[in-house]
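The values are calculated or read from the model by the stated rules, or taken from the named source; none is laboratory data. In this text the structure is predicted, and so the values were computed from the model without any measurement. Virtual Cβ from ideal backbone geometry, glycine too; neighbours counted across all protein chains shown.
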Ligand SMILES: Nc1ncnc2c1ncn2[C@@H]1O[C@H](COP(=O)(O)OP(=O)(O)OP(=O)(O)O)[C@@H](O)[C@H]1O
Ligand SMILES: [Mg+2]
């Protein structure tokens, strides 16, 4: 076994004329948790499907476990656990049968498949629904079952495409806990997510994708240090100029632009519901804004997070 | 053998759907009673293409056996496969495992074969019980039915991979209905006009019927192997086609 589990060089996926993945280079090492972040349509799922050997590579090089998906698809898939973005559970089978038969697809003996299904039903907290069909389950329950199903083969590499979408906070923490433990057992994780806290919690390294390309990569801490200020000042402005003395959004942005336009190291980002000021000293920035006459509904100074990196890199409306 | 896992999944799914099996079996039996016994009361005997004269029930039973194999195979390989392919995305989930498109194609075709064979076995038992089988060769009617089911499930499934919606299934009915009625099923080939006869002889059901009739009436010759070959080759071509189409559709 080499020191690289997944190696992509110039990996490209094209659908007709459309380029979904545009020549990315990625290396995932054994035992690490690797993340793909990016806005909708960035090409995360397309990449995951190529790694999962269910979508042929258009061009470039891809190796998983040192093998080529084009020629060794079944051998690679035998060592993968895949939680796709859409659940794709078997609606003609019960909850338990879904787990069990999936184990059989991986060549487990009946007894082994049954035993593992028991454990996974408990993990997914679906033991009392084991004999139900899949359809009446809630969205989160289906998601839990899909994740559990991905684990039945005890994979070496786990591909999780937005695993926690639709999960309640409690279920999300149960999953994180499980993923931590799998990682300790040496399982390699590749995760896509839109939740920044999830990426910061789970991923040792991650790449930010945008428009099929890699916009940045590194550990969560590195990315924040490299692409963001230390602190962020969040201001919520009134959408309309109101009688209570708060500043209207348009005017507020203008004032903030004046306040920070000339100073280096601060950037203002306007979101639909709030304005972010990236700065190394949030309190000072807030004072400066006040001095300029900005009266927000509320304000907050916080540490920069991966979310800010994401916003910076994937380019929402930027104001200088 | 991963195709066996595909069959296993279907067994699991169908355990609760045994009513579907019942109807698949009952239909040809009803035909046998209504045609063989009902029409048979009016048409006492038929001279087969081989020149022997037999009772109408004996004449029509092999054709109904062939049709039941066809129907059983078609039903599973079209509607059910379409549902799993386009709506339930069952196959997509299965392809994330070591199972590949070829295993899927083989497994699904084998499963329709099993269903076709089960219907045929039940039908054959009824036909024997009412004395509509004249020859010990009739024992081979069951394996012969498997070839019929093979040809139809493979071709049916291949056609299904091109369907866009359930409405397109009318095309299948359009192909199956006339074949059921005019594949020398209910009257001997000799009664067709020459031009039509060639058309009839081109259809797969004709070969199925001719094969079953030869065996169940004991009119056995090397020619029967020709029918087997026709059905087997059609089945193989269909199976290769299905596996290619599934790969194309599912691994994009
Ligand atoms: N089978 C397909 N045929 C055509 N285009 C596709 C196909 N699959 C994906 N695409 C396109 O490729 C682009 C990337 O899609 P992809 O699903 O990889 O994005 P994503 O990063 O996973 O987005 P999301 O966060 O919404 O899941 C999109 O523009 C999408 O429309
Ligand atoms: Mg996606």
- If we scan region A:107-125, do we find a residue that is within 14 Å of chain B (Cβ to nearest Cβ), in a helix (DSSP H, G or I), surrounded by 22 or more Cβ atoms within 10 Å (Cβ to Cβ) and in contact with a strand residue (DSSP E or B) (Cβ under 9 Å, 6 or more places away or on another chain)? no
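Quick one: how many residues across region A:11-22 are surrounded by fewer than 16 Cβ atoms within 10 Å (Cβ to Cβ) and either more than 14 Å from chain B (Cβ to nearest Cβ) or more than 12 Å from ligand 1 (Cβ to nearest atom) (or both)?
Looking only at region A:11-22, we keep the residues that are surrounded by fewer than 16 Cβ atoms within 10 Å (Cβ to Cβ), and these are A:14-18.
Restricting the remaining residues to those that are either more than 14 Å from chain B (Cβ to nearest Cβ) or more than 12 Å from ligand 1 (Cβ to nearest atom) (or both) gives A:17.
Qualifying residue count for the region: 1.
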- With the checklist (1) at pLDDT 95 or above; (2) farther than 24 Å from residue B:94 by Cβ; (3) surrounded by fewer than 21 Cβ atoms within 10 Å (Cβ to Cβ) in hand, flag the one item residue A:96 doesn't pass. (2)
- Message: If a residue must be within 16 Å of ligand 2 (Cβ to nearest atom) and in contact with a helix residue (DSSP H, G or I) (Cβ under 7 Å, 6 or more places away or on another chain), how many such residues does region A:61-91 contain?
- Response: 5
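Restricting to region A:131-147, what's the tally of residues that are touching a strand residue (DSSP E or B) at 6+ places or on another chain (Cβ under 9 Å) and crowded, with 17+ Cβ neighbours inside 10 Å?
5
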- Item | Residue, farthest from the chain's Cα centre (by Cα), within region B:15-71, restricted to residues that are crowded, with 23+ Cβ neighbours inside 10 Å and more than 14 Å from residue B:132 (Cβ to Cβ) | B:67
- Just one of the numbered conditions (1) in a helix (DSSP H, G or I); (2) in contact (Cβ under 8 Å) with a residue 24 or more places away in the chain; (3) within 11 Å of chain A (Cβ to nearest Cβ) is not true of residue B:98; which one? (1)
- Query: Any idea which residue in region B:121-164 is surrounded by the fewest Cβ atoms within 10 Å (Cβ to Cβ), counting only those that are assigned to a loop (DSSP other than H, G, I, E, B) and modelled with pLDDT of 90 or more?
  - Reply: B:164
- Message: Among the residues that make up region A:52-60, is at least one of them more than 16 Å from ligand 2 (Cβ to nearest atom), closer than 14 Å to residue A:213 by Cα and at pLDDT 95 or above?
- Response: yes
- residue A:91: modelled with pLDDT under 95 and surrounded by fewer than 21 Cβ atoms within 10 Å (Cβ to Cβ), yes or no? yes
- Task: Among what's in region A:256-266 and is at pLDDT 70 or above and surrounded by fewer than 19 Cβ atoms within 10 Å (Cβ to Cβ), pick the residue that is farthest from residue A:303 (Cα to Cα).
- Result: A:258
- On the given criteria, is residue A:36 more than 11 Å from chain B (Cβ to nearest Cβ) and within 27 Å of residue A:195 (Cα to Cα)? yes
- Message: Can you tell me which condition residue B:92 does not meet? The list is (1) assigned to a helix (DSSP H, G or I); (2) more than 22 Å from residue B:175 (Cα to Cα); (3) more than 14 Å from chain A (Cβ to nearest Cβ), and all the others hold.
- Response: (3)
- Note on the structure: Scanning region A:33-73 residue by residue, the ones that are surrounded by fewer than 16 Cβ atoms within 10 Å (Cβ to Cβ) and away from ligand 1 (no atom under 12 Å from the Cβ) total 7
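Looking at region A:126-144, which of the residues that are over 19 Å from residue A:166 (Cα atoms) and assigned to a helix (DSSP H, G or I) is nearest to the chain's Cα centre (by Cα)?
Applying the first criterion (over 19 Å from residue A:166 (Cα atoms)) to region A:126-144 yields A:127-128, A:130-133.
Still in the running and assigned to a helix (DSSP H, G or I): A:127-128.
Working: A:127: 28, A:128: 30 Å.
Only one residue fits best here, namely A:127.
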- Task: Just one of (1) surrounded by 17 or more Cβ atoms within 10 Å (Cβ to Cβ); (2) at pLDDT 95 or above; (3) within 16 Å of ligand 2 (Cβ to nearest atom) trips up residue A:6, so point out which.
- Result: (3)
- Message: For region B:62-76, check the following and say yes or no: at least one residue is in contact with a helix residue (DSSP H, G or I) (Cβ under 9 Å, 6 or more places away or on another chain) and within 14 Å of chain A (Cβ to nearest Cβ).
- Response: yes
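Would you mind stating whether residue A:174 is touching a helix residue (DSSP H, G or I) at 6+ places or on another chain (Cβ under 9 Å), more than 16 Å from ligand 1 (Cβ to nearest atom) and in contact (Cβ under 8 Å) with a residue 12 or more places away in the chain? Spell out how you get there, then give the answer.
Working: touching a helix residue (DSSP H, G or I) at 6+ places or on another chain (Cβ under 9 Å): yes; more than 16 Å from ligand 1 (Cβ to nearest atom): yes; in contact (Cβ under 8 Å) with a residue 12 or more places away in the chain: yes.
For residue A:174, the condition - touching a helix residue (DSSP H, G or I) at 6+ places or on another chain (Cβ under 9 Å), more than 16 Å from ligand 1 (Cβ to nearest atom) and in contact (Cβ under 8 Å) with a residue 12 or more places away in the chain - is met.
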- Query: Hey, residue A:179 hits all of (1) away from chain B (no Cβ under 14 Å); (2) within 16 Å of ligand 2 (Cβ to nearest atom); (3) at pLDDT 90 or above but one; which does it fall short on?
  - Reply: (2)
- Enumerate the pairs (first residue in region A:291-311 and more than 25 Å from residue A:214 (Cα to Cα); second residue anywhere and in a loop (DSSP other than H, G, I, E, B) and at pLDDT 80 or above) with beta-carbon separation below 6 Å, excluding pairs fewer than 6 apart on the same chain, so at least 6 apart or on different chains. A:296/A:237
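The rows are residues; the columns are (1) farther than 17 Å from residue A:147 by Cβ; (2) facing chain B (nearest Cβ under 7 Å).
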| residue | (1), (2) |
| --- | --- |
| A:56 | yes, yes |
| A:63 | yes, no |
| A:68 | yes, no |
| A:82 | no, yes |
| A:88 | no, yes |
| A:95 | no, no |
